[in-house]
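Beneath this line is the structure, given in structure tokens, with notes to follow.
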Amino acid sequence: MGSLAYREDLDEEKNSEFTWEVQANNRAYNSQFKEKVFLCWQRRKYKKNIIHTAKYNVFSFLPLNLYEQFHRFSNLYFLLIILLQGIPEISTLPWFTLFAPLVCLLTIRAIRDLVDDIGRHRSDKIVNNRPCQILMGKSFLWRKWKNLHVGDLVCLHKDSIVPADLVLLASTEPSSLCYVETADIDGETNLKFRQAPMITHHELTSIRKIASFQGKVVCEEPNSRMHHFVGCLEWKGKKYPLDSGNILLRGCKVRNTDTCYGLVVYAGTAALRGPGAHPAQVRGRAGWRRTLTSLAGSHKARPGRQMSAAMG
């Protein structure tokens, strides 16, 4: 059954069209893509790299919390009994003798939910304000995670946390390898390696060349297939295949690699996928994080050259 489902996923993958197009260093191009929300209402297809895991805000807390609490059968039962006690002909107790305990119960649960949500707001603020280096013009400048857009080029260093799902373009390691730790994604502490496409490894050998990079990634939209990524890099009139071995996932840590460069393909809540994701960190349509299996042993590092010292 497992192999049959796997073949069905592959057939579906082959027959589906790639509708996720991301061009490097071109926010104007990427912002033109829209998605239909309702009737004629459209919004930008590619979101900023901001996550909102909190359930409430100042205005929605009271009505939304009451709505959620009265979805519990016990609360509805008590409310029905209170209403019946308000009818003198069938009342056996004053209605307020039951109303007071219900109010206390709702208040205690509301306070608990409020404390939890305040913690989520604080966590969101910390994550969204983490620093990272984004290509701005012809140099990499320090910006916050929340300022990251799909199509931006990012520079990461050893022990950095990957701010969004990236296509690895180059690194200072031989053959543009990049070693990552995915403990925060799938719980595995052993290092895995990713590798940039050979074309970008050979061509993007300096920051100046990276700044002029205008390649386009055409791939599948964020989905629930955790161990698969299929796409291609279009550059200089040619197409180069991409797979899960070329992707750095949001939340993993760069290890044993001095510097690496990547192109953001999924940002914000679109980069939070998979069973390892916290329930409060899932995105609207499908809360998945791509968890990739270890590639160690399935690939052998090909001999390569060190990148120019200017990239460091």
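Each value in this text was obtained by applying a stated rule to the coordinates, not by laboratory testing. Predicted model only: the values in this text are computed from it and were never measured. Note that we place each Cβ from the backbone using ideal geometry, even for glycine, and neighbour counts take in every protein chain shown.
FRET efficiency for the residue 103 to residue 209 pair, using the beta carbon distance and R₀ = 51 Å, is estimated at 0.15.
Site pair residue 255 and residue 139 shows an inter-label distance of 3.4 nm when each label is modelled 7 Å from Cα along Cα→Cβ.
With the simple spin-label model, which puts each label point 7 Å out from Cα in the Cβ direction, the residue 125 to residue 228 separation comes to 4.2 nm. Extension gain, residue 84 to residue 147, is 17.2 nm, computed as 0.36 nm per intervening residue step minus the present C-alpha separation.
Using a cut-off of 28 Å between Cα atoms, the listed pairs 34/238; 138/216; 125/216; 125/236; 45/125; 34/144 include 125/216; 125/236 as exceeding that distance.
At 0.692 mPa s and 37 °C, plugging the Kirkwood radius over alpha-carbon pairs of segment 116-183 into Stokes-Einstein gives what diffusion coefficient in µm²/s? Taking Rh from Cα pairs, D becomes 241 µm²/s. Each residue of segment 34-51 is assigned a 3J(HN,Hα), and the resulting list reads 10, 10, 7, 9, 7, 6, 9, 7, 10, 9, 5, 6, 9, 8, 6, 8, 10, 10 Hz, derived from the Karplus form 6.51 cos²θ - 1.76 cosθ + 1.60 (θ = phi - 60°), x at Gly and Pro. Length available on full extension from residue 38 to residue 158: 0.36 nm per residue minus the Cα-Cα distance, which gives 38.8 nm.
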